[in-house]
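Here is the structure we will look at.
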Amino acid sequence: MLALALVVPQGASAEASAMPEAPNCPIYPSNDVWHSSIQNLPVHPQSATWIANMGGSSRLLHPDFGGPYGYQLQVTTNATPTTRLQFDYADESDDVPYPFTASTPIEPASDAHAFMLNRDTCVLYELFAASWNGGRPTAGSGAVFDLKRHDLRPAGWTSADAAGLPIWPGVLRYDEVASGVVDHAIRFTAQRTDRSFVWPARHQAGAARDASLPPMGARFRLRSDFNFAGYSAQTRVVLTAMQRYGLILADNGSNWFFQGQVDSRWSDQLISELKRIPAGAFDAIDASSLMIDPNSGIARGASGVALESGWHSRWLTQSDYLVMSPGQVADFWIKFTNTGTETWNRGIWGRQANLGLNGDDKTPYRLGMAANWLGRPHRHDHGARGRPRRGRGVPVQSAGADDARDVPAEPPPGDRRHGLDGRPGSVLADRRAVA
């Protein structure tokens with residue numbers, strides 16, 4: 001089911017991908033390139049060639065996680081002891097104290113990655129080839145990322161991966177898959193890459209200077225006609241993310257291996273279904289139009305950036321998908337941000353969210369469906385510190401729980417605009433569906 005445009009729950013975080021262990025820390029703001037929709041971007045001219053040189057179209061994707069396997073993050077605080085490390089690539093590493101301790105998990109594989117997030121400062125620390133070394137810690141390289149900012153590494157610098165990108169923002173996490181929404185691109189590897197990189201990547205480790213090989217930072221999108229039939233609900237969440245946000249080539253490794261966190265709750269069904277997806281179901285896309293500043297991860301078309309003509313909102317996140325039975329009343333929400341110049345008009349498919357049934361044919365189902373505004377939504381204007389200042393409310397219909405069934409399935413005249421007036425902002429509202 002879908003709600004009507006620009007909806008977010010009262011009191012919910014406006015940040016993207018925050019984890020339960022660090023709820024105040026975005027995994028980059030929602031207008032960062034990691035969260036950019038690539039659904040409407042053009043196919044890259046080298047798409048077929050790159051895929052052919054990455055194992056071919058019949059090569060199957062490989063989820064490089066499950067059970068005890070994957071990447072593990074240590075959540076730290078300002079009270080966690082810090083230490084300096086000796087780096088092999090010191091000229092491209094951030095020489096600062098790291099919250100790296102004897103108890104920090106280190107990836108048991110050859111790359112020996114270590115990941116630490118300070119939940120008080122929202123700073124992410126990542127290490128490659130990390131070793132505690134009896135209290136004299138060393139690493140191949142180290143990189144630090146402020147997850148509230150869009151800063152990229154200096155051009156030409158590596159990080160804990162070959163692309164010079166942060167690793168953790170592209171890692172699949174169980175909590176987000178279980179919630180029904182993955183709102184970011186997914187990191188993956190290829191065996192042979194070109195000696196070049198494209199934004200937002202900052203570094204290359206290519207096998208040859210060969211344009212028939214993909215560069216670091218190349219983005220791949222699952223085709224819109226890929227058939228989801230036969231896949232479980234959690235697998236569909238991942239497939240949807242692959243269509244909306246795609247995969248970002250971030251390191252050298254086995255072809256089409258993509259990364260997730262260590263979590264015992266990953267199901268064997270999910271892992272086995274993800275292994276059925278062929279590389280031929282993807283296209284490489286040209287994401288250059290998203291770039292505003294080559295030294296920043298802020299992306300065009302996101303909240304607060306240049307508005308997109310003809311489109312007035314971008315999906316950000318939502319509550320769990322509803323599975324309802326007749327007569328049930330359920331609360332749900334969807335969060336949109338204004339990215340365009342047009343107000344909402346009913347009936348333009350693809351340009352607004354309609355209350356409807358998420359069926360295979362995507363046809364809106366209106367008969368017998370009702371939606372209810374509860375309370376008064378407010379437009380938010382964000383100041384320099386990112387805290388919303390509540391302004392004039394948008395008048396909407398309000399009704400109680402007992403009369404939800406009498407609310408029309410479509411909003412009444414005059415109720416079709418919810419802050420979508422060409423200015424950045426959002427509207428807070430609770431929604432109610434009645435089956």
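The values are calculated or read from the model by the stated rules, or taken from the named source; none is laboratory data. Given the structure is predicted, the values throughout are model-derived calculations rather than measurements. Please note: Cβ atoms are built from the backbone with ideal geometry, for glycine as well, and neighbour counts cover all protein chains shown. Remember, those area values only see protein heavy atoms, side chains included, never the ligands or the DNA or RNA. Shrake-Rupley method; radii C 1.70, N 1.55, O 1.52, S 1.80 Å.
The table for this structure:
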item: Residues of the stretch 263-273 satisfying the condition of being surrounded by 17 or more Cβ atoms within 10 Å (Cβ to Cβ) and without any contact (Cβ under 8 Å) to a residue 60 or more places away in the chain; result: Glu273
item: Qualifying residue in the stretch 249-262 (condition: open to solvent by 50 Å² or more (accessible area, probe 1.4 Å) and under 18 Å from Ala48 (Cα atoms)); result: no
item: From the options Ala79, Ala90, residue that is closer than 30 Å to Arg192 by Cβ, free of Cβ contacts under 8 Å to residues at least 24 places away in the same chain, among the hydrophobic types (A, V, I, L, M, F, W, C) and surrounded by fewer than 20 Cβ atoms within 10 Å (Cβ to Cβ); result: Ala90
item: Sole residue being open to solvent by less than 10 Å² (accessible area, probe 1.4 Å), at pLDDT 95 or above and not acidic (Asp, Glu), chosen from Val198, Val182, Val238, Val177; result: Val238
item: Selection count, the stretch 274-293, where residues are out of contact with any strand residue (DSSP E or B) (no Cβ under 9 Å at 6 or more places or on another chain), over 15 Å from Trp50 (Cβ atoms) and touching a residue at least 24 places away in the same chain (Cβ under 8 Å); result: 2
item: Gln46 within 18 Å of Gln261 (Cβ to Cβ) and either touching a Leu at 6+ places or on another chain (Cβ under 9 Å) or surrounded by 18 or more Cβ atoms within 10 Å (Cβ to Cβ) (or both); result: no
item: Checking Pro154 against (1) in a loop (DSSP other than H, G, I, E, B); (2) over 17 Å from Ala250 (Cα atoms); (3) open to solvent by 10 Å² or more (accessible area, probe 1.4 Å); (4) in contact (Cβ under 8 Å) with a residue 40 or more places away in the chain, the condition it does not meet; result: (2)
item: Residue count for the stretch 86-101, restricted to those that are over 31 Å from the mean Cα position of the chain (by Cα) and part of a loop (DSSP other than H, G, I, E, B); result: 1
item: For Trp168: the one exception among (1) surrounded by fewer than 24 Cβ atoms within 10 Å (Cβ to Cβ); (2) touching an Asp or Glu at 6+ places or on another chain (Cβ under 9 Å); result: (1)
item: Subset of the stretch 283-299 that is touching a His at 6+ places or on another chain (Cβ under 6 Å) and not in a strand (DSSP E or B) - its residue that is most open to solvent (accessible area, probe 1.4 Å); result: Asp286
item: Of the criteria (1) open to solvent by less than 40 Å² (accessible area, probe 1.4 Å); (2) over 30 Å from Ile277 (Cβ atoms); (3) outside any strand (DSSP E or B), which one Met54 fails; result: (2)
item: Residues of the stretch 113-142 that turn out to be closer than 24 Å to Pro200 by Cα, among the small types (Gly, Ala, Ser) and surrounded by fewer than 23 Cβ atoms within 10 Å (Cβ to Cβ), as a count; result: 2
